[in-house]
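In what follows, a single structure is set out as structure tokens and then discussed.
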Amino acid sequence: MLGAIEAGGTKFVCAVADEDFNIIDRVSFPTTIPSETCSNVFQFFDQYELKSMGIGSFGPIEVDINSSKYGFVTDTPKKYWSNFDFLGTMKKRYNIPIFWTTDVNAAAYGEKIRGAAINSKSCLYLTVGTGIGGGMIINDQILEGFSHPEMGHILVRKHESDLFVGACPFHKDCLEGMASGKAIEERFNKKGNELSESDSFWEIEANYMAQALMSYTLTLRPEIIILGGGVMAQDHLLHSIRSQFEKLLNRYVYTPQLTSYIVSPGLKGDAGIVGALLLAEKVKQGK
Ligand code: ZN
């Protein structure tokens with residue numbers, strides 16, 4: 001049996017699957033304090049005999065295998081999770097190979113192998129939810145340099161009719177500070193899904209996302225960009241991002257047709273958990 005955890009800042013999803021990746025059982029619970037959350041994780045996985053596990057975690061996390069903090073959640077603003085030895089806690093309970101990466105890397109991997117990017121050599125997956133993060137897969141490998149990318153915190157040009165100062169505790173008006181679910185809530189004191197579809201704000205949101213996608217297109221040249229996360233559940237947004245992206249890029253470089261270049265996740269909300277299961281299989285094979 002393969003085990004997988006999609007550890008989000010708001011909720012955890014745990015699943016087990018057979019060798020053919022059929023999900024046999026799954027559970028979801030809110031992310032509270034590490035001891036309570038991990039005890040829920042144990043309660044679920046203790047019922048099964050696991051061969052390996054994949055974990056896609058919210059971050060930032062330490063992914064350098066030579067670091068003494070490898071497997072830790074590092075400087076997260078999320079209370080009680082900063083400096084928590086997540087991987088070590090799992091390894092202590094389950095003496096099996098465990099693949100450790102970010103939640104967005106897991107989702108990107110899921111989309112590459114089983115989702116919207118199945119026919120592409122490279123893909124970029126972005127989540128636009130409470131926070132913004134991205135993961136890039138090239139030839140089935142997760143892109144990592146010194147550490148995992150932090151694509152949500154790139155700088156964007158402020159929209160001329162946007163007066164918001166920004167919600168990022170580190171940079172104020174970076175992409176996450178201006179376009180995340182948290183930024184929307186701080187602007188309006190309500191969630192994005194409570195705003196009307198015709199609200200003029202959506203054009204501003206689409207503009208920030210289009211700027212970001214232009215930067216990623218120019219720096220990474222992915223074959224396909226997949227946009228997931230709660231904010232992207234607004235269907236009209238995808239269309240508007242595509243049209244603003246087209247204007248901004250101004251045909252400077254070639255991209256595939258935008259309806260097949262900027263897309264929704266093929267695995268819908270399951271990209272992260274399916275990706276973590278596929279990574280469990282990868283680590284089981286010693287890759
Ligand atoms: Zn930031």
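Taken together, the values in this text are just the output of simple stated rules run on the coordinates, not laboratory data. No experiment lies behind these values; they were computed from the predicted model shown. Reconstructed Cβ throughout: ideal geometry from the backbone, glycine too, with neighbour counts over all protein chains shown.
Roughly speaking, what is the stretch gain from Glu185 to Lys79, that is 0.36 nm per residue apart minus the C-alpha to C-alpha distance, in nm to one decimal?
On the way: separation 106, 0.36 × 106 = 38.16 nm, distance 1.94 nm.
Residue separation times 0.36 nm, minus the Cα-Cα distance, leaves 36.2 nm.
What is the P(r) of the stretch 116-264, as percent of Cα-Cα pairs per 10 Å bin from 0?
P(r) over the stretch 116-264, rounded to whole percents: 11, 44, 35, 10, 0.
Can you give me the Kirkwood hydrodynamic radius for the stretch 80-150, using every pair of distinct Cα atoms, in Å to one decimal? Spell out each step's value before the answer.
On the way: mean 1/r = 0.0738 Å⁻¹.
It is 13.5 Å.
Provide the per-residue ³J(HN,Hα) series for the stretch 61-72, in order, calculated from phi with Karplus coefficients 6.51, -1.76, 1.60 and θ = phi - 60°, each as a whole number of Hz, with x at glycine and proline positions.
Once rounded to whole Hz, the list reads 10, 8, 10, 7, 5, 8, 7, 5, 9, 4, x, 8.
Taking the stretch 104-165, which trypsin sites (Lys or Arg not before Pro) meet the DSSP loop condition and have no more than 12 other C-beta atoms within 10 Å? Spell out each step's value before the answer.
On the way: sites: Lys112, Arg114, Lys121, Arg157, Lys158; in loops: Lys121, Arg157, Lys158.
Those satisfying the criteria are Arg157.
Would you mind calculating the relative contact order of the stretch 116-264 from Cα pairs under 8 angstrom and at least 6 residues apart, reporting the percent as a whole number?
Details: 233 pairs, mean separation 40.6, N = 149.
With pairs under 8 Å counted, the relative contact order is 27 percent.
Per q in 0.08, 0.16 Å⁻¹, report the Debye log10 I(q)/I(0) for the chain, using one uniform scatterer on each alpha carbon and no solvent.
Log-scaled intensity ratios, in q order: -0.33, -1.27.
Could you work out which residue, out of Glu111, Glu194, Glu49, moves most in a Gaussian network model of the chain, that is, has the largest mean-square fluctuation with Cα springs under 10 Å?
Judging by the Gaussian network model, the answer is Glu194.
Per-residue ellipticity at 222 nm for the chain, helices alone: DSSP H runs ≥ 4 residues times -39500 (n - 2.57), over residue total, nearest 500 deg cm²/dmol? Please list the in-between numbers first.
Values: 9 runs with 98 residues, N = 287.
Taken over the chain, the calculation gives -10500 deg cm²/dmol.
What distance in nm lies between label points placed 7 Å from Cα along the C-beta direction at Asp20 and Tyr48?
1.6 nm
Please report the antiparallel percentage of DSSP beta bridges with both residues in the chain, rounded to the nearest 5. If you can, show how the numbers build up before the last one.
Values: 27 of 44 bridges.
If we restrict to bridges inside the chain, about 60 percent are antiparallel.
Take the alpha carbon atoms of the stretch 238-284, find their center, do the same for the stretch 149-212, and report the distance between the two centers in whole angstrom.
One Cα centre to the other: 20 Å.
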